[in-house]
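Undergrad: Just dropping this structure here.
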Amino acid sequence: MMNPEATLLTATHGPVRLLTLNRPAALNSFTAQMNVELRAALEDAAADAAVRALVITGAGRGFCAGQDLNDPALGSGANLDVGGVVEKLYKPLALRIRSMPVAVIAAVNGVAAGAGANFALGCDFVIAARSASFIQAFSKIGLVPDCGGTWLLPRLVGRARALGLTMAGDKLPAEEAQRIGLIWQCVDDAALMDTALALANKLAAMPTRALAETRRAIDEASRLDYADALSMEAERQHALGHAHDAREGIAAFVEKRAPKFTDR
Ligand code: T3D
C-alpha cells in the first residue's frame, strides 16, 4: 500500500524505475526525510537487477526547489548547520547518482532551483519541459553552489557562463538551457514524460554495464592528461571486452541479428 506521507513515489515500467519527488506544496524542496527516502530508493534500484534505467521527476508544478529552507533539520540561528547538511545529505546523494549502475534521466517538469538544479544536472540526461527553468539560487541567500554545482557547471557550459549563472542567480528557461548545452533536451510540456520514458526504454535495451562505465570513463578522463586518458580507455576496453555484452554485441552484428544484452 502506498504511504500517503511518503516524500517519494516509486513506480516500475518494465525495466525502467520511475522516482517522483513528492512534496508539491513546497515545490519538492528537499527535507532530510526526502533526501533519505530518495537515497534509499536509489540503493534499491541499484540492487535490483531487473532495473536497467532510471527516471526522476517531480510531482506538481515544480521539479525541486533545492533545500527546504523551513526544514527543522537545517537548524536555525547559531545552530544553522548548512555545511553539515551538505556533507551528511547532499554529498552522498550526488555521489550515489553519479555511481548508479544504470543510466539516470532527470525529467525536469518545472522549476529546478539550488541543490534541486544541480541534483538534476548531475544525472546522465536532463530532459526539461519547455515551461521549466533552472536557478542557481545559492548566491541570493549567501551561499555557494553545492550538490556538485561547482564541478558540473564549468564543465557543462564553461567558466564564463558558470559564473554568470551562479553569481547573478537568474532564472534560466529550459530552451536557453538546451541552447547553451546545460541540458540534453527541451521538449513541449505534454511530451516530457513520454520522451523521458522512451529514452529510458531505449537505454534499458542497451548494454547497461557499458553505459555506466562510459559515464565513469568520461568523468575520470576530465581529471587526466591525454596519454593517461588513452591508457584508462584501454584498461576499460580490456575489462569490457571480456564481458558478455561486448561478445554478444559483436556476435549479433556479425550474425545480423538483434543483440540481447544482460550485463549490469
Ligand atoms: O543546509 C542547506 O541549506 C543545504 C544547502 C542546500 C542548497 C540549496 O538548495 S540552497 C537553495 C535553496 N532554494 C532556494 O533558495 C529557492 C527558494 N525558492 C524560490 O526562490 C522560489 O520558490 C522559486 C523561484 C523556486 C519558485 O518561485 P514561485 O514563485 O514559482 O513559487 P513560490 O510561490 O515561491 O513557492 C511555492 C511554495 O513553495 C511556497 O509555499 P507557500 O507560500 O505556497 O506555502 C514557497 O514557500 C515554497 N517553497 C519554494 N521553495 C522552497 C519552498 N519552501 C521551502 N524551501 C524552499 N526552498
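Undergrad: So who's got an amide H within less than 5 Å of the one on D68, skipping anything under 5 residues away but keeping other chains? H placed 1.01 Å off N, in plane.
TA: F30, T31
Undergrad: Remind me, relative contact order of region 187-264 in percent, using alpha carbon pairs under 8 angstrom and six or more residues apart? Walk me through the intermediate numbers first.
TA: Values: 42 pairs, mean separation 27.0, N = 78.
Reported relative contact order: 35 percent.
Undergrad: Can you put K256, K140 in order, fewest other beta carbons within 10 Å first? Don't skip to the end; give the middle numbers.
TA: Numbers: K256 6, K140 13.
With the sparsest Cβ surroundings first, the list reads K256, K140.
Undergrad: Can you give me the Cα centroid spacing of region 70-108 and region 183-218 in angstrom?
TA: The two parts, judged by their Cα centres, are 23 Å apart.
Undergrad: Follow-up. To make sure I understand, if each residue's beta carbon is the centre and we count other beta carbons within 10 Å, what order do S231, S131 fall in, fewest to most? Write down the numbers at each step before the final one.
TA: On the way: S231 11, S131 16.
Listed from fewest to most nearby Cβ atoms, that is S231, S131.
Undergrad: Show the residues, 5+ positions off or on another chain, whose built amide H is closer than 5 Å to the amide H of I183.
TA: Amide H neighbours of I183, under 5 Å, 5+ apart: Q178.
Undergrad: Another question about this same structure. Would you please give the residues with an amide H less than 5 Å from that of G148, counting only those at least 5 places away or on a separate chain, with H modeled from the backbone geometry?
TA: HN-HN under 5 Å from G148: empty list.
Undergrad: Find, to one decimal place in angstroms, the Kirkwood hydrodynamic radius of region 26-75, where the mean of 1/r is taken over every pair of different Cα atoms and then inverted.
TA: Numbers: mean 1/r = 0.0818 Å⁻¹.
Result for region 26-75 stands at 12.2 Å.
Undergrad: Remind me, relative contact order of region 7-137 in percent, using alpha carbon pairs under 8 angstrom and six or more residues apart?
TA: Details: 256 pairs, mean separation 33.5, N = 131.
The value is 26 percent.
Undergrad: What are the ³J(HN,Hα) values, in whole Hz, obtained from phi via the Karplus relation 6.51 cos²θ - 1.76 cosθ + 1.60 with θ = phi - 60°, for each residue of region 163-169 in sequence order, with x given for Gly and Pro?
TA: Listing the rounded values in order: 5, x, 5, 7, 7, 6, x Hz.
Undergrad: Based on the Kirkwood radius over alpha-carbon pairs, what is the Stokes-Einstein translational diffusion coefficient of region 129-264 at 37 °C with 0.692 mPa s viscosity, in µm²/s?
TA: On the way: Rh = 18.0 Å.
The estimated diffusion coefficient comes to 182 µm²/s.
Undergrad: Could you pull the Cα extents of the chain along its three principal axes, largest to smallest, in whole Å?
TA: Principal-axis extents of the Cα atoms in the chain, largest first: 65, 50, 35 Å.
Undergrad: Calculate one ³J(HN,Hα) per residue across region 173-186 by plugging θ = phi - 60° into the Karplus curve 6.51 cos²θ - 1.76 cosθ + 1.60, and present them in order as whole Hz with x for glycine and proline.
TA: x, 4, 4, 5, 4, 5, 4, 8, x, 6, 10, 6, 7, 10
Undergrad: I would also like to ask the following. Fewest Cβ neighbours within 10 Å first, please rank L192, L152 accordingly.
TA: Working: L192 24, L152 19.
Ordered by Cβ neighbours within 10 Å, fewest first: L152, L192.
No value in this document is a laboratory result; all are computed from the given coordinates. Here the structure is a predicted model, which is why all the values come from computation and not from measurement. Cβ: placed from backbone, ideal geometry, glycine included. Neighbour counts: every protein chain shown.
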